[in-house]
Structure formats: C-alpha cells, structure tokens
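Just so you know, all these numbers are worked out from the coordinates, no wet-lab data involved. A quick note: this is a predicted structure, and the numbers were derived from the prediction, not measured. Don't worry about glycine lacking a Cβ; one is built from the backbone with ideal geometry, like all the others, and counts go over all protein chains shown.
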C-alpha cells in the first residue's frame, strides 16, 4: 500500500469522506482518520506528507494535534480547517506553527492548492536533511540521545546495528531514562520508518476491552460491536509495536501475545480468519523481568522470546558527564516549545545541575529545564550554589570531577575496575583522584 501523502483528520464522517474524495480526485493519496491519536501513530520525523485537521473535535482537538505533531517533527506541515467563528483561533495557530488554515465552506480545488504547496515544502525539507546528512552532519541519534559517556555511545551504536534488522527488542531501564525515546529512534532509523509506530501502554489497557483493543473485532462479535474494527496490532502492520511496561500485562494475555509474536498472525474477535502481520515488536520494562518470571508473574517463554536482544538505557547516575549537555539541549527545546528566547544558564547553574542527583532521570531533568526557561529558576538553588559563580575555573572543574567519580563509584557499588573503565582512566589515576578528593570506595557499597 502506498504511503499516504495526506492524513485527513475530522470526527464528522460525512465531511471527512467528501473531503477525502475531493483530495483523491486531485491526485493525492489520502488516509482519513476520525481522531488525532490515530494520526500521531503515522507521523514520524521521516513522514513525507502533510496533516489536514479540523480544529474543533472531541478528545484531541486540532490545536493539541498541532502541538503533538510539532513535538515529533517541527517541519511537518499542519493545515487546520476552521469554522467561520474560529478564524482568530486559526490565526493564533499560525503563530504557533501551523502551515496554513482554510475556512469552511471551501472548494476542493482551494484545499488541493494549499496541500500541494505544503507537500512541496515538506519535500524540500526532507531533501535538505538528506543533503546535510550526506555532507557529514551529526545523525539524528546524536540529537535524540545526546551525550559523550561510553554507555550512551554504546547505546547509539547498538541502535544503529539493530536498525537494519527485524529483530524484536527488549528495552530496560529506570523510570524516566528515555526508553520510549530509544524505541522511537529504533523505528525511525529502520526500514519501517514510513509505517506506523503504535504504542500500547500495557498498564493502562481496560480489562474488559483488552482483546478488542489489541486484536480487533468483527461486527456483532459482542453487544455494541456495530461494525468491524481494526485492533492495534492490525493497525500497525508494516511498522513497529511498542509494548510499554510489558511487565504489567496480565498473564492470560501474555499467552496470546506470545502466539502473536511467534506466528505473526492474529484472529479478530468473532472471526476464524487468520490475518498475517508484518511487525516488529519492541517491549520496555523498568523492572527486571527475570525476577518477575521467578515470582510467577511473567511467563518464562514470553521473556525468552523477547530477550533475544536487550538494550539497557542508562540512568543519569551512570552518565553524570552528560547531564550539563543534556540540560542545555532540553532548555533549547523548551524555549522552542514555549516560544521563548533561548536562555544560556550561567556557569554556577550548570555546575549545580551537574552536581545534583536526578532520581527521575531525563524526565525530571526535562521538567527542570522547562521551569528554568519559564523563568522559575532551578528548585533549591541556594546561596551555596551561588558561591560557585565566584569560584575559579580550577575549583569548578575539581568539584565537577569529584561528583562524576563519586557517582560512578555509587553506580558500581564501590568496585573500581568498572569505574576506571567507564571513566577512561587508569587504575592508578583513579586512586590518585580518590585520595585527592577524599573518596572512599567503602562508602559506596564495597
């Protein structure tokens, strides 16, 4: 099936169908969708089309969809369809990044002209990206997963190595480290980037609708099933399914999932017809699935099926040297989101950020960057950190170096070999620095 050039979003079926037909008559490939969530499954940084959406819809409205699309790729054109009384709202949307708006009632040719211009712009953006990549610019993973620490460099290497394969992947890591970011990056640099990326939150599936949500159903399969419906697995055909928090999936559903992963076939509720699937499965967990298997809460056969390739996304405590770089990037992104001028934090703020523990990992650091860009400062930044501003360069470097070594000792339980290997220094150098900073490995777990 040819990838749609236009994602048409409108909750009113009659309007949606007639608009789709007019665009198809104009020569465009169109996918019509009743809500914004479905559109987000199809929009990726490599998406070669445009989004046309009504502004006023139940659930996710057009303004929210605009924001979410721009979070995925700021250069995807979003065209908003407005009623007569929504023009001021549409003008605000233009200031916030919409490509254009078109007021009802409109002719098919009027919309087709706007869509054609938007597609030309999108094509030019993607072509320029390819040219920049060919010229040796840093690839997308450097932006999505920034950092110079060995553990992050290794993660990017493994993602690139897996991108050209169809291997299913288990991604593990603490809360807030960016497991979904890694999963999305794996999809977007793979050969499946033009197909859907569908996220299934296993902890939030409604028990009475789990099978229908995942496998779909035929008309009349149960009371209220008026028409046939695709499930999420079928909707994602050709793409990637992210099973987020896989450890939360009920045991009985784990058995059905195992069959889907092994056979790549589903059967809708109310049907006996098998439907083949071309999918890649990526699962995430913030707890050790081996322990869940031992406790009887997770099927061993499903664990071994998912555990063919495991990626570990490191916590910030294992990559302290990346924290300042990451904060500065998150601050730049926040400035763009909130339409603020970029803010360059002074050295004493960066030093305080580097020195702190971030138990919530990247998610917590992102919240701190947002607050800083909004002018709310860094929570708890007190006179002690202000002294950093008056400290000389050598003193600041020493404080930062001490915090990095102490963090690495904590991460490895006081065992020295992995510490000096991670930091890229000799054992002798590590000993000398520990003596200089009065660090005792016995205080860190050994």
_segment 329-376 shape via C-alpha gyration tensor axes, a/c threshold 1.5_ = oblate
*Got the relative contact order for segment 141-312 handy, in percent, Cα pairs under 8 Å and 6 or more residues apart?*
30
*Measuring from label point to label point, each 7 Å out along Cα→Cβ, what is the residue 91 to residue 291 span in nm?*
5.8
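Report the full-extension gain for the segment residue 75 to residue 259: residue separation times 0.36 nm, less the Cα-Cα distance, to one decimal in nm. Show your work: numbers first, answer last.
Working: separation 184, 0.36 × 184 = 66.24 nm, distance 3.94 nm.
Gain on stretching residue 75 to residue 259: 62.3 nm.
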_Percent RCO, i.e. relative contact order, over segment 6-134, from Cα pairs under 8 Å lying at least 6 residues apart_ = 24
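Would you calculate a helix-derived [θ] at 222 nm for the chain, using -39,500 (n - 2.57) for each DSSP H run of n ≥ 4 and dividing by the full residue count, to the nearest 500? Working shown, then result.
Details: 20 runs with 212 residues, N = 446.
The helix-only estimate for the chain comes to -14000 deg cm²/dmol at 222 nm.
Kindly rank 302-315, 18-31 from highest to lowest mean number of other beta carbons found within 10 Å of each residue. Don't skip to the end; give the middle numbers.
Working: 302-315: 18.1, 18-31: 16.3.
Going from most to least packed, we get 302-315, 18-31.
Residue 310 to residue 21: FRET efficiency via 1/(1 + (r/R0)^6), r the Cβ-Cβ distance, R0 45 Å, to the nearest 0.05? Write out the running numbers ahead of the final one.
Working: r = 48 Å, r/R0 = 1.06.
Efficiency, from the Cβ-Cβ distance: 0.40.
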*asked:* Can you compute the modelled spin-label distance between residue 204 and residue 29, with each label point 7 Å from Cα toward Cβ, in nm?
replied: 3.0
*Antiparallel as a % of all DSSP beta bridges within the chain, to the nearest 5?*
10
*On Cα atoms only, tilt of 13-25 relative to the major axis of the chain in degrees*: 90
*asked:* For a test of the definition: using alpha carbon positions, the gyration tensor, and the 1.5 limit on a/c, classify segment 141-312 as rounded, prolate or oblate.
replied: prolate
*the chain, relative contact order in percent, only Cα pairs under 8 angstrom and at least six apart counted*: 12
*Please give the contour-minus-distance gain from residue 126 to residue 110: 0.36 nm per residue of separation, less the Cα-Cα distance, rounded to one decimal in nm.*
3.3 nm
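Does the chain classify as rounded, prolate or oblate by the C-alpha gyration tensor (a ≥ b ≥ c root eigenvalues; a/c under 1.5 gives rounded; else a/b over b/c gives prolate, otherwise oblate)? It would help to have the intermediate numbers written out before the result.
Details: a/c = 2.32, a/b = 1.42, b/c = 1.64.
Oblate is the answer for the chain, as a/c is 1.5 or above yet b/c matches or exceeds a/b.
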_Degrees, to the nearest 10: 62-72 long Cα axis against longest axis of the chain_ = 50
_Projected label distance in nm at residue 248 and residue 374, using a 7 Å step from Cα toward the beta-carbon_ = 2.4
